Amino acid sequence: MATKRSEKASSKEAETKSKELKDSEIFASCSFSSLGLQVSLCDQLRERMGFEVPTLVQAQAIPVILSGRHVLVNAATGTGKTVAYLAPIIHHLQGDQPRVQRSDGTFALVLVPTRELCMQVYEILQKLLHRFHWIVPGYITGGENRSKEKARLRKGISILVATPGRLLDHLKNTTSFLHTNLRWIIFDEADRILELGFGKEIKEILDLLGSRKKGHVGKENDDSYNSKPQRQNVLLSATLNEKVNHLAKISLENPVMIGLDDKKIQPVLSFKGLGSNVNDEFEYPVKSTSSSIGDFRVPDQLVQRYVKVPCGSRLAVLLSILKHLFERGTSQKIVVFFSTCDAVDFHYYLLSAFKFSAHSQPDEELRQMLVRCKTFRLHGNMKQEDRRTTFQAFKTEKLSLLLSTDIAARGLDFPEVRFIIQYDSPGEATEYVHRVGRTARLGERGDSLLFLQPVEMDYLLDLEKHGISLTEYPLLKVLDSFPLYNEKNYVKKVLTLEFHPWVLLVQKALESFILSEPTIKNLAKNAFCSWVRAYTAHRGELKRIFMLKKLHLGHVAKSFALKEQPSLVGQSFQKQTKKRKRDEKQRGLSKKRKFVRKT
Ligand SMILES: Nc1ncnc2c1ncn2[C@@H]1O[C@H](COP(=O)(O)OP(=O)(O)OP(=O)(O)O)[C@@H](O)[C@H]1O
């Protein structure tokens with residue numbers, strides 16, 4: 001009895017020690033007030049947000065941002081970058097005498113890549129500003145009512161969160177939008193803003209705000225440039241690349257770098273980034289990440305695994321893993337990433353309706369939902385209202401599944417997500433890092449699983465170049481754990497996955513289900529076509545790994561539970577491609593831009 005008690009005590013001790021260790025890797029051993037923040041703001045952080053002490057990145061960034069220097073912050077996902085830039089802005093604005101007023105217009109601008117991130121930052125701002133009611137937060141974003149936004153801008157928004165396209169629209173067309181007092185421009189998830197093809201908009205925004213660096217736009221001779229209030233620009237991301245370096249170059253004056261390791265620091269950079277030319281190269285000595293080869297920051301406690309699945313079995317395996325995870329975890333939140341909006345729609349409707357029985361000839365009443373959990377979807381083709389509802393609902397649900405495009409990959413902070421599945425490859429390693437970053441936030445535990453086909457295994461080498469290594473997921477063990485009834489020829493030891501009786505049974509059930517559901521079958525066809533298109537859109541080095549001609553289109557169709565020959569589906573694909581090209585021509589959009597923005 002005494003031994004048991006002492007065992008229990010020592011395991012508790014070990015747990016406490018490991019928590020202390022974990023905390024020391026995430027949190028700083030100082031207080032918010034010791035960083036120079038005003039006392040009532042520190043109270044607000046503690047009482048409203050529950051933040052007792054700053055995270056390490058906050059402890060590093062807050063004093064520097066308070067000092068007014070331009071800053072480039074590189075820190076792992078989920079380490080508290082949002083408060084790192086919001087707190088110093090609020091500190092300064094709340095102390096201004098006379099008090100700032102709505103009629104003074106906008107003092108701080110936070111640029112973010114997606115509408116959801118816009119909402120998230122705005123909600124944090126609302127909480128932080130509760131005591132400082134004279135500082136007004138606001139947001140403007142695509143998909144919202146323009147005239148309502150105009151009215152809000154006319155009244156005055158002190159701290160404005162915005163997506164680039166809509167901001168540019170208002171800068172050009174809303175004359176009552178007052179921004180002459182602008183003191184801060186923040187680029188949150190800077191690299192993503194640029195990857196989405198907003199580079200041109202950003203340059204225009206910087207020009208319109210008179211905030212492009214001297215020597216780059218000739219604005220220094222412009223009166224508005226010289227007479228503008230002192231401006232501070234801050235760029236943040238967990239992954240920095242040459243595009244961010246270019247943005248840093250045109251927007252940051254002698255910046256302080258935060259979170260960059262010595263081994264990643266280069267004395268002078270000379271990149272040809274997005275839209276840059278020879279004159280656009282860095283001239284000042286700057287510490288930064290190397291462009292393509294360099295370690296990305298992934299939370300240490302994240303367990304990263306991959307699963308090798310032949311194309312035709314992908315769907316059956318995905319559903320089986322989800323079933324396994326939801327049956328195992330009583331309170332489990334999972335996000336699955338897909339490459340296209342159509343794929344999200346198809347899997348969402350499939351998962352919401354697909355019933356299954358492990359009997360080979362089941363009666364109707366034996367069939368049950370294969371994956372039992374609340375399912376949500378999120379992608380850029382959904383109505384704004386639906387996107388907002390999903391975003392809020394998935395935050396509060398306990399046992400739930402979110403199917404999403406990369407729209408949810410950046411910055412979104414859904415509490416208690418325990419598992420990330422990358423069903424379609426993320427492409428660039430940066431996207432891998434941000435997708436997995438939706439779990440294991442702020443020292444919490446988390447798992448990630450990357451689906452790869454046998455022909456795609458070189459992708460692991462690509463990730464390794466960035467210091468990311470994955471171990472294999474015990475798939476056969478999981479599949480063997482499912483019970484099968486009346487199944488003839490069931491041999492426990494199965495050598496290849498495609499012939500695993502469980503996978504065969506699920507696949508067969510999926511295919512008959514699709515045959516009986518014409519609406520879902522159509523979704524499957526659309527998803528197939530978009531998937532193929534997305535697969536061919538990989539760029540650079542990745543083109544060598546993700547080659548459509550290495551795949552059997554019949555197997556790809558099987559992964560959408562389609563029995564049709566690929567040529568049948570191929571016709572509709574060609575039709576879709578032609579239509580897309582026609583639309584693009586009409587709208588004058590470049591191919592690449594159209595594709596990347598539709599996530
Ligand atoms: N000092 C703190 N104490 C406790 N929790 C904190 C603190 N600062 C931030 N958090 C919480 O940590 C989580 C992650 O914060 P945040 O979303 O700002 O991270 P991030 O670094 O911007 O992540 P990403 O790179 O994914 O955008 C949030 O839930 C936030 O509320």
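The values are calculated or read from the model by the stated rules, or taken from the named source; none is laboratory data. Please read all numbers here as calculations on a predicted model, not as lab measurements. Because the Cβ atoms are built from the backbone with ideal geometry, glycine has one as well, and the counts that use them run over all protein chains shown. All accessible areas refer to the heavy atoms of the entire protein, side chains included, with ligands and DNA or RNA removed. Shrake-Rupley method; radii C 1.70, N 1.55, O 1.52, S 1.80 Å.
Here are the numbers for this structure:
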{"quantity": "Subset of the stretch 27-48 that is in a helix (DSSP H, G or I) and of a type outside the set (A, V, I, L, M) - its residue that is farthest from the ligand (Cβ to nearest atom)", "calculated": "40"}
{"quantity": "Residue pairs meeting the criteria (Cβ under 9 Å; at least 6 apart or on separate chains; first at negative phi and more than 10 Å from the ligand (Cβ to nearest atom), in the stretch 49-76; second at pLDDT 95 or above and open to solvent by 50 Å² or more (accessible area, probe 1.4 Å))", "calculated": "66/92"}
{"quantity": "Residue list for the stretch 83-107, restricted to those being within 16 Å of the ligand (Cβ to nearest atom) and surrounded by fewer than 22 Cβ atoms within 10 Å (Cβ to Cβ)", "calculated": "83, 91"}
{"quantity": "Only listed residue being open to solvent by 90 Å² or more (accessible area, probe 1.4 Å), closer than 30 Å to residue 120 by Cα and modelled with pLDDT of 95 or more, chosen from 64, 39", "calculated": "39"}
{"quantity": "Residue in the stretch 549-559 that is among the polar types (S, T, N, Q) and either modelled with pLDDT under 95 or open to solvent by 30 Å² or more (accessible area, probe 1.4 Å) (or both) present", "calculated": "no"}
{"quantity": "Number of positions in the stretch 413-431 that are closer than 27 Å to residue 317 by Cα and either more than 15 Å from the chain's Cα centre (by Cα) or assigned to a loop (DSSP other than H, G, I, E, B) (or both)", "calculated": "11"}
{"quantity": "Flag for residue 448 being farther than 18 Å from residue 303 by Cα and small (Gly, Ala, Ser)", "calculated": "no"}
{"quantity": "Residue check for residue 416: closer than 30 Å to residue 552 by Cβ and either out of contact with any Lys or Arg (no Cβ under 7 Å at 6 or more places or on another chain) or within 16 Å of the ligand (Cβ to nearest atom) (or both)", "calculated": "no"}
{"quantity": "Yes/no for residue 430 being touching a Gly at 6+ places or on another chain (Cβ under 9 Å), closer than 27 Å to residue 300 by Cβ and of a type outside the set (A, V, I, L, M, F, W, C)", "calculated": "no"}
{"quantity": "Test: residue in the stretch 68-82 that is within 30 Å of residue 385 (Cα to Cα) and part of a helix (DSSP H, G or I)", "calculated": "yes"}
{"quantity": "Those residues of the stretch 97-116 which are under 29 Å from residue 395 (Cβ atoms) and at pLDDT below 95, in sequence order", "calculated": "113, 114, 115, 116"}
{"quantity": "Residue under evaluation residue 74, criteria (1) closer than 19 Å to residue 235 by Cβ; (2) modelled with pLDDT under 95; (3) in contact with a helix residue (DSSP H, G or I) (Cβ under 6 Å, 6 or more places away or on another chain), criterion not met", "calculated": "(3)"}
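Residue-wise test of (1) of a type in the set (Ser, Thr, Tyr); (2) open to solvent by less than 40 Å² (accessible area, probe 1.4 Å); (3) under 19 Å from residue 181 (Cα atoms); (4) assigned to a helix (DSSP H, G or I).
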position	(1), (2), (3), (4)
125	no, yes, no, yes
130	no, no, no, no
138	no, yes, yes, no
149	no, yes, no, yes
154	no, no, yes, yes
160	no, yes, yes, no
